[in-house]
Every structure is written in structure tokens, then in C-alpha cells.
Amino acid sequence: MNLIERPRRLRRTAGLRAMVRETFLQPSQLIYPMFVLEGEGRREPISAMPGIHRFSIDLALEEGHRASELGIRALALFPALESELKNPQGSESWNDEGLFQRAIRAFKRELPEMMLVTDVALDPYSSEGHDGLVTDSGEILNDETVELLVRMSLSQARAGADVIAPSDMMDGRVGAIRAALDAEGFTQVAIMAYSTKYASGYYGPFRTALDSAPRRGDKATYQMDPAGGYREALRESRLDVEQGADFLMVKPALAYLDVLRMMRDSFDLPLVAYNVSGEYAMVKAAASLGYIDERRIVLETLTGMRRAGADAILTYHALDAARWLREG
Ligand code: PBG
């Protein structure tokens, strides 16, 4: 054939392929989510998330060291609270001596260089299993919830959080949290807004991990409609930018790579993808049955998220991925 262009020429050798490669994945781009629980020497597996555990603070620190040795520089912490501590207001969330605050302080003492991204939302602390305050009729109150999110954020900042990550989807919470942090002198504490968060079936294993599933109703009045399209995603993100967010996020990642790409093209803030619990569970299940090559699939998927526009990725695969990247 008399072809002028032969794209295969650039795929002929490993050296050529490496030379023209556009997308790179590095351990420093991975954020490892971890669940902490009360006690000592405790390490509880999470069903549907093989390889992921709830750790008491002492063992969580050991896991943190392992992450650090593999080149991971950020952890996303979530508290798994005992049910006696949960109530409708989620008041344990602003207890400066609470499990979460003690965990943050312990990490900052033991691993001061490790960035801590701390979750802000009522659901781990709420007896209702919702991210906000619930009325008797089941309505999720917005403005009243934001007041509590502000208290929670300040308590986390006092404990030493580097990045406050509101995952609740209440209107106006980023601005309120930013103002409160600044007023208390925490001008250097960043906000990672869960800006584009869908009401997703992919959160199932996470809710098992924290025993935080809604006791009644669902999250459709605050999390976004998966079929909602692009305008709502743009609007939510614009509002978070205007209110002072430092990072934007798309969550879940896998079924929303198109949204990730649109966000990358529309905003100049760092963009984070959350490779959520259900996405992890699917890979682990298929890999344990021998249906897929786990290492290949994980690295390909994370690379796809980077290509779609993610600067950083929250992923339960973080330690494995970092090890595989290191092995080359
Ligand atoms: C809730 C929260 C959820 C996740 C992170 N924060 C679940 C939910 O909205 O119900 C899910 C993360 C995952 O599935 O890995 N504030």
C-alpha cells in the first residue's frame, strides 16, 4: 500500500512507545482512603472490599507507614464510629477528643509529612445514616446542616487536618467552611470539595464499612442524578470555585469519565477522581475468580482516569498500584 501516514511506526519499539506517551501515573498522585475505629490492635476486614480494613489508630499508623514507604503522600481518613456514639445531630463529629480528632493528631505526630484529607459529612456520625440533618418527615435540612459541617471542619483543622473534604453535597457549605477556617486563622488549610458527586449504587461497600447506609429514604435530594447531565455538574463546580474550593472532584470515577474530561476542560483547579468502593469491589471479585488480570486492569483503569483529566485519584488500590508502579 502507498500510505503516507503509518501510525504503527511509532508503536514499533518500547522506546518509541515510551517517547510519545502522554499519560503518567505516579504514587504521589494517589490518595489512599482509610477507615479508623476505636480500640487498640484492631484490624477488621470489610466485606466486599478484600484487602481493605478498619484499623484502630495504632494499626492505622502502621498502614500509614507502609503507604509512605511506597511513595504515597496523602491519606483520606474516615471514622467508623460505634453506634452508641451516633445521634441525629452527629454531635460526636465536633468532639475535639473524638476518635477522628485523635486519629488526625496521631498521624500528624507520627507521619508529619503525610497529607491528611479529612471527610466532612454527617453520615459516619448520624443515627439516620444521612449526610445532613433529617426532619421527622424525612426532609434533609440544608442550612442547619451547614452549621454543623462548619463545627466539624473547625474541629478537624484544630486537630491538624491539611485538607478538609466536604462530601455532603449541601448548598453553600464550601463558602461557610472557608469563612470559618479563615476567621480562626486556618487560612492554609485547603478545601477539597466533593463538587460533582452522584447518587450512586457504587457506594455500597463503603456504607457497609462505616455502617452508614440511610436508615430511611435515599440521598437523591442532595447527591446528583446520574442521568442529570453536564449543566448541573458545571453549576455545582462553579459554585464551589466561587466559594473558595482548592480542589474539585468527580465521584464516582469509572462511570463518569466523560464528566471528568468536561471538568478538566472547564476549570483550572486541580481535579480529583474518586475510584469508589463499588469500583474496587468489582475488580477484586473478578480478579479472585481469575476472570481478569488485576494488576493490568488496575493500572489501566487508574491511567484512564488520569487521561480523562484527574490530577489525583482517591483509590483503595493505592498501595498495590504504588508497589506495581515501583516494580515497573
Ligand atoms: C458520604 C461518603 C460516601 C463515600 C464517601 N463519603 C458514601 C455516600 O455518599 O453514601 C463513598 C466512598 C466510596 O464508596 O468509596 N459522605
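Quick note: the coordinates plus some simple rules give every number you see, no bench work behind them. Computed from a predicted model, the values in this text were never measured in an experiment. Cβ sites come from the backbone with ideal geometry, for glycine too, and all protein chains shown count toward neighbours.
Data for the structure
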read-out	value
Förster radius 25 Å - calculated FRET efficiency between Ser28 and Glu300 (Cβ-Cβ, nearest 0.05)	0.80
Tyr198 long-range amide H proximity, modeled H, under 5 Å	Met224, Lys251
Potential lengthening between Leu10 and Glu242 on full extension [0.36 nm per residue; Cα-Cα distance subtracted]	79.2 nm
Per-residue [θ]222 nm for the chain (sum of -39500 (n - 2.57) over DSSP H runs n ≥ 4, rounded to 500)	-12000 deg cm²/dmol
Rounded to 10°, Cα long-axis angle of helix 99-110 versus longest principal axis of the chain	50
Compactness index (Cα Rg / 2.2 N^0.38 Å), region 24-327	0.93
Computed lengthening from Ile292 to Glu139, 0.36 nm per intervening residue step minus Cα-Cα distance	50.8 nm
Additional length obtainable on full extension of the chain from Glu232 to Ala179, 0.36 nm per residue less Cα span	16.6 nm
Burial ranking of peptide ranges 6-13, 225-232, 152-159 (average Cβ count within 10 Å, highest at the top)	152-159, 225-232, 6-13
Built amide H within the under 5 Å cut-off of Ile191, gap 5+	Ile164, Asp246, Phe247
Zero-based 10 Å bins, Cα pair distances in region 61-126, whole percents	20, 47, 25, 7
Set of region 77-92 residues, backbone N closer than 13 Å to the point 7 Å along the Cα-Cβ line of Ser127	83-92
